[in-house]
Structure formats: structure tokens, C-alpha cells
Amino acid sequence: QVQLVESGGGLVQAGGSLRLSCAASGRIFSINAMGWYRQAPGKQRELVACITTGGNTNYADSVKGRFTISRDNAKNTVYLQMNSLKPEDTAVYYCKTPIALAPGFNHNIYWGQGTQVTVSS
């Protein structure tokens, strides 16, 4: 079994910061690119940021310059440092990553359970 466990969400005032973590555990052979998504009430889930195994990153335009994604391959963990938070960043944040359980196995997509981020004005 593979689990993605997220932490670090909470309530913060506009302009504040939060750091999200997502740790993958269980039977893991390899992990490809890791990403953070978010879903606000009444809206579709959207990509926030993603990072390859080599460290290449991609960000949604709405968070460029404010959010930073990073990963620790030894710990199978991805982070999202969120600075200068705005009320429109309020959402449930999910991590997503393809994981192969053994050599020769396909990479299947796994999602975390989500962590609430609320930014007050």
C-alpha cells in the first residue's frame, strides 16, 4: 500500500506564509514528477506547481513569484512554500504523484487526502 500524507495547512492572514509537506510511504520503487493542486469551493481542481525528479519546476501564473515547490527524493517528500498569501489562495491543496511499486510496474497516480488552506483578508 502507498500513502501520501499531507500536512502544514491552516488559517493565515493575507500576506502570511505557510509550508505544505506531502510524504509518500509504503511500497515504493520509483516516483516521477510530484505536484500540488488546489480546489476552491465551486471551482475545478487546478495545478499549482510541479517538480520533476531532476528539480525542474513549473508554476501556475497566479502563484509565480510567491510559491516555491521543492522535493527531497531521499524522503519521497514534496514541499510547497507559500508566501504573500492572498484570500484567493484559499482552497484544499492536494499532492499528486505517479508511483511505481516495483521494477517493470507502471507508474500509477496517487493523490493525498488534501489539506485546507484558508487566507483571511
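Take the residues in segment 65-78 that are open to solvent by less than 40 Å² (accessible area, probe 1.4 Å) and in contact (Cβ under 8 Å) with a residue 40 or more places away in the chain, then tell me which one is nearest to Gln13 (Cα to Cα).
Restricting to residues being open to solvent by less than 40 Å² (accessible area, probe 1.4 Å) and in contact (Cβ under 8 Å) with a residue 40 or more places away in the chain, the top hit is Val78.
Tell me whether segment 88-96 contains one or more residues that are surrounded by 12 or more Cβ atoms within 10 Å (Cβ to Cβ), over 15 Å from Gln1 (Cα atoms) and modelled with pLDDT under 95.
There is no residue in segment 88-96 that is surrounded by 12 or more Cβ atoms within 10 Å (Cβ to Cβ), over 15 Å from Gln1 (Cα atoms) and modelled with pLDDT under 95.
For Lys43, indicate whether it is over 30 Å from Leu101 (Cβ atoms), in contact (Cβ under 8 Å) with a residue 60 or more places away in the chain and surrounded by fewer than 18 Cβ atoms within 10 Å (Cβ to Cβ).
no
With the condition kept exactly as written, say whether any residue in segment 48-64 is of a type in the set (A, V, I, L, M), touching a residue at least 40 places away in the same chain (Cβ under 8 Å) and in a loop (DSSP other than H, G, I, E, B).
no
Condition (residue is closer than 28 Å to Gly104 by Cβ and outside any loop (DSSP other than H, G, I, E, B)) applied to segment 6-17: is it met by at least one residue? Walk me through how you get there before you give the answer.
Applying the first criterion (closer than 28 Å to Gly104 by Cβ) to segment 6-17 yields none.
Among the residues of segment 6-17, not one is closer than 28 Å to Gly104 by Cβ and outside any loop (DSSP other than H, G, I, E, B), which makes the answer no.
Collect the residues in segment 97-114 that are touching a residue at least 40 places away in the same chain (Cβ under 8 Å) and surrounded by fewer than 22 Cβ atoms within 10 Å (Cβ to Cβ), keeping them in residue-number order.
Hits for segment 97-114 are Pro98, Ala100, Leu101, Ala102, Pro103, Phe105, His107, Tyr110, Trp111, Gln113, Gly114.
The values are calculated or read from the model by the stated rules, or taken from the named source; none is laboratory data. Since we're looking at a predicted model, the values are computed, not measured. Every residue, glycine as well, gets a Cβ built from its backbone with ideal geometry; the counts of neighbours run over all protein chains shown. Please note that ligands, DNA and RNA were not included when accessible areas were found on the heavy atoms of the full protein model with its side chains. Shrake-Rupley method; radii C 1.70, N 1.55, O 1.52, S 1.80 Å.
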